[in-house]
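Everything below concerns the one structure shown next.
The values are calculated or read from the model by the stated rules, or taken from the named source; none is laboratory data. As the structure is a prediction and not an experimental result, all values here were calculated from the model. So basically every Cβ, Gly included, is an ideal-geometry build from the backbone, and we count neighbours across all protein chains shown. Quick note on the areas: whole protein, heavy atoms, side chains included, nothing else; ligands and nucleic acids left out. Shrake-Rupley method; radii C 1.70, N 1.55, O 1.52, S 1.80 Å.
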Amino acid sequence: MTRVAVVTGGSAGLGRATVRELAARGWDVAVLARGRDGVEAAVAEVEAAGRRGLALVADVSDRAAVEAAADRVEHELGPIDLWVNGVMVGVFGKFLDTAPEDFERALHVTYLGVVNGTRAALSRMVPRGQGHVVQVGSALGFRGIPLQAAYCGAKHAIVGFTESVVSELLEQGSKVKVSRVDMPALNTIQFGWVKSKLPHHPQPVAPIFQPEVGARAIATVAEHPRRRTWVGESTVYTILGNRISGRFADWYAAKTLVSGQQAPDKDGLQLQDNLYEPVPGDHGAHGVFDETAHSWSPQTWWVEHRRVGNGLIGAVLGAAGAVALVAGRRR
């Protein structure tokens, strides 16, 4: 059976890892991003996996360009079954030190890019009564941190936007699925080409995971839809911790996350920024933090093997109940 996916931001970082994972699982993949070098390299990997690929060079903040790209996918690959909104750009620096036009550009790509992608996908899926949109969210869509006001604001907006769309689809009785997969800090090229006002190389907030961790979660949700999925223990405790005590989270972020988002030992490795234009070349999925990034965690294993995990819990609870029953009879 042919399954057609579109991955925005698929030329690099988490998007690139997602393209590889979907192709390995038998999906045909259209890769949409601004940088032709990375898009074409990603499509070559799809084809090397024995699947059909399609290179789409477009800026997701341009609604007409996204619509035209979606038309090409349906004409050349077939009806879109899955649309993954994964593109983002960012600005690192304090809010008042960030140029208003840079801040707005980050919002236009990271938030409105998701809106444009969702519109393109749903306008084709809803009339057919089938399809699935996956929004790549973040723990920072629930807990803002210093130096990333534009990114955090965009990810918060994606949460509210997605909840509105889901409720509308439910009211219509539509069978189209919309999921959100919220990510932890990932070792991606994002931190190498983000526009930065920091004195040192930007880094993700530890603990850091490899992008393949997030890609496996996205692919799992694509094949077993769930409305909300948290990836990584750090995402879980960030979201829950902020719900329990937002004031403590404010204090902790202020005390630790300015220096905690800078890596002096990586100074000199920064690329040119990609806020307005793509960086030439193929930059793959990984950033410069391979030595400290985790490839696995118990929580992410649970995301990927939820049925097995629930079965294990059932077995443990059943065994505990049996032991308690035998102990009670002996008394």
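Here are a few things to note about the model shown:
- Filter result for Gly13 (open to solvent by less than 10 Å² (accessible area, probe 1.4 Å) and on the phi < 0 side of the Ramachandran plot): no
- Criterion (open to solvent by 30 Å² or more (accessible area, probe 1.4 Å), closer than 30 Å to Phe92 by Cα and not aromatic (Phe, Trp, Tyr)) met by exactly one of Lys177, Lys195: Lys195
- Every test in (1) β-branched (Val, Ile, Thr); (2) part of a loop (DSSP other than H, G, I, E, B); (3) open to solvent by less than 10 Å² (accessible area, probe 1.4 Å) is passed by Val221 save one, and that test is (2).
- Residue check: Trp83 meets all listed conditions (1) in contact (Cβ under 8 Å) with a residue 40 or more places away in the chain; (2) surrounded by fewer than 22 Cβ atoms within 10 Å (Cβ to Cβ) but one, namely (2).
- From the list Ile239, Ile218, Ile208, Ile244, the one residue that fits, being under 15 Å from Gln190 (Cβ atoms) and of a type in the set (A, V, I, L, M, F, W, C), is Ile208.
- Among the residues of region 45-66, just one is more than 21 Å from the chain's Cα centre (by Cα) and open to solvent by less than 50 Å² (accessible area, probe 1.4 Å), namely Ala65.
- The combined condition, being open to solvent by 20 Å² or more (accessible area, probe 1.4 Å), out of contact with any Asp or Glu (no Cβ under 9 Å at 6 or more places or on another chain) and within 30 Å of Tyr276 (Cβ to Cβ), is not fulfilled by Val166.
- Flag if Gly78 is under 14 Å from the mean Cα position of the chain (by Cα) and either surrounded by fewer than 24 Cβ atoms within 10 Å (Cβ to Cβ) or part of a helix (DSSP H, G or I) (or both): no
- Some residue of region 111-121 being assigned to a helix (DSSP H, G or I) and open to solvent by 60 Å² or more (accessible area, probe 1.4 Å): yes
- Of all residues in region 237-272, those satisfying the criterion of being in a helix (DSSP H, G or I), among the aliphatic types (A, V, I, L, M) and either open to solvent by 40 Å² or more (accessible area, probe 1.4 Å) or modelled with pLDDT under 95 (or both) are Leu240, Ile244, Ala254.
- Condition broken by Val73, with the remaining ones in (1) among the hydrophobic types (A, V, I, L, M, F, W, C); (2) in contact with a helix residue (DSSP H, G or I) (Cβ under 8 Å, 6 or more places away or on another chain); (3) crowded, with 22+ Cβ neighbours inside 10 Å satisfied: (2)
- Within region 86-99, being surrounded by fewer than 21 Cβ atoms within 10 Å (Cβ to Cβ) and assigned to a loop (DSSP other than H, G, I, E, B) holds for Lys94, Thr98, Ala99.
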